[in-house]
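First up is the structure itself, then whatever we jot down about it.
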Amino acid sequence: MEIIHTVAWMKQVAEEARRSDRILGLVPTMGALHEGHLSLVREAQKQCSPVVVSIFVNPKQFGPSEDFQKYPRAFEADRAALENLRVDYVFAPPPDEIYPPGFRTAVTVDGLGDTLEGRSRPGHFRGVTTVVLKLLEIVQPRFAFFGRKDAQQVRIIQQMSADLNLDATIVVCPIVREPDGLAMSSRNAYLKEGDRRAAGVLYRSLEAVRREVSTGERNATRLLASLRRVLDAEPAVSRDYAEIVDADTLEPVMALRKACYVLLAARVGNTRLIDNALIEQAGDSFTVTL
Ligand code: PAF
């Protein structure tokens, strides 16, 4: 496994792979890798060779009061996990390799990034799209792999990719969960023991929606009421938002339609967590994927 620290070197390696007709895959990460990230890597390895995993804690996607400085960094453990999976390349640039002095450009996808996570974290998606576009430009992969846990992020990246005619196919992979259903996230490491136990309620609240949908409920207000009954009963958890939105426009819906997300964000202790369920119409019924 080769560890690459500079843009020039990464571009050269990627260019050589493309010239020899190899199918390059990119898994962008901010490190502190968990089973969710590793599942993206395994999926990338099924479809691509070589696979590049980028590790870059992107300062531009953290607000001034957010956790950039204390965001978990675990390079040696990440390297060992990726070596174990026989990943070909790790792209781990220092901050000024991605944002050299004088860097001024930002990428904004209008509309989709102002609500939900965007409302709670102004500027977050602008930082995400800026770095993702840079990574896609540097590596120019045929496929790039993202987790569905960050559903709004994925939708915005898909929109950017379509709008800018990017060549990479954006592959969306399932959420990987802990045994109690908690979606895997690098931020789970912040949870103290009691909060970790309480955090399982996010999944249970999405399960409540799944149960209601399976009994025929289609009304978004009533589905969200079921979710809130479960979530708000846990005193250690404070809800930021819970909404049912169209999967394409991310606008709230009154009733279930072809494809929707239940999107959820809550604070557990000092840690902000997100989760979601995808609801898709299949004939007369709806399937809910957690
Ligand atoms: O999902 C993440 O870990 C980050 O937002 C990403 C896509 C690696 C960009 O920094």
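The values are calculated or read from the model by the stated rules, or taken from the named source; none is laboratory data. Treat the numbers as computed from the prediction; the structure is a model and nothing was measured. Heads up, the Cβs are rebuilt from the backbone with ideal geometry, glycines too, and the neighbour counts pull from every protein chain shown. Heavy atoms of the whole protein, side chains included, go into the accessibility calculation; ligands, DNA and RNA do not. Shrake-Rupley method; radii C 1.70, N 1.55, O 1.52, S 1.80 Å.
Ligands, DNA and RNA left out, the 1.4 Å accessible surface of the stretch 1-74 is 52% carbon and sulfur atoms. Considering only GLY216, GLY269, GLY31, the Gaussian network model of the chain with Cα springs below 10 Å gives its largest mean-square fluctuation to GLY216.
Sparsely packed loop sites in the stretch 251-281 (the trypsin sites (Lys or Arg not before Pro) outside DSSP H, G, I, E and B with at most 15 other Cβ atoms within 10 Å) comprise LYS258. Legend: distances between Cα atoms for LYS134/LYS192; LYS46/LYS70; LYS46/LYS149; LYS11/LYS60; pairs beyond 27 Å are LYS134/LYS192; LYS46/LYS70. A simple rule links phi to the HN-Hα coupling: the Karplus curve 6.51 cos²θ - 1.76 cosθ + 1.60 with θ = phi - 60°, which for the stretch 240-247 gives 8, 8, 9, 9, 10, 10, 5, 5 Hz, with x for Gly and Pro. Taken one residue at a time, the phi angles of the stretch 100-111 give Karplus couplings (6.51, -1.76, 1.60, θ = phi - 60°) of x, x, x, 4, 10, 8, 9, 10, 10, 9, 5, x Hz. Gly and Pro are set to x. Mind telling me which of LEU164, LEU231, LEU112 comes out most flexible in a GNM of the chain, alpha-carbon contacts under 10 Å? Looking only at LEU164, LEU231, LEU112, the largest GNM fluctuation is found for LEU164.
Determine the relative contact order of the chain: mean sequence separation of Cα pairs under 8 Å and six or more apart, normalised by residue count, in whole percent.
Values: 519 pairs, mean separation 46.0, N = 290.
For the chain, the relative contact order is 16 percent.
The residues of the chain expose, per residue, 47 Å² of accessible area to a 1.4 Å probe. Surface composition of the stretch 175-290: carbon and sulfur make up 47 percent of the accessible area, probe 1.4 Å. The C-alpha atoms of the chain define a longest principal axis, and helix 75-84 lies at about 90 degrees to it. Among ASN188, ASN58, ASN165, whose mean-square fluctuation peaks in a Gaussian network model of the chain (Cα, cutoff 10 Å)? Of ASN188, ASN58, ASN165, the Gaussian network model singles out ASN165 as fluctuating most. For the Cα atoms of the chain, what angle does the longest principal axis make with the long axis of helix 124-139, in degrees from 0 to 90, nearest 10? Long axis of 124-139 versus the principal axis of the chain: about 40 degrees. For the chain, the equivalent ellipsoid derived from the Cα gyration tensor has semi-axes of 33, 21, 19 Å, listed largest first.
With respect to the chain, whose longest principal axis is taken over its alpha-carbon atoms, helix 193-214 is tilted by about 70°. For the stretch 139-290, the fraction of C-alpha pairs more than 22 angstrom apart is 43%.
For CYS173, nonlocal amide neighbours, meaning residues 5 or more places apart or on other chains whose placed amide H falls under 5 Å from its own, are PHE146, GLY147, ARG148. Placing pseudo-labels 7 Å out from each Cα toward the beta carbon at ASP67 and ARG228 gives an inter-label distance of 2.7 nm.
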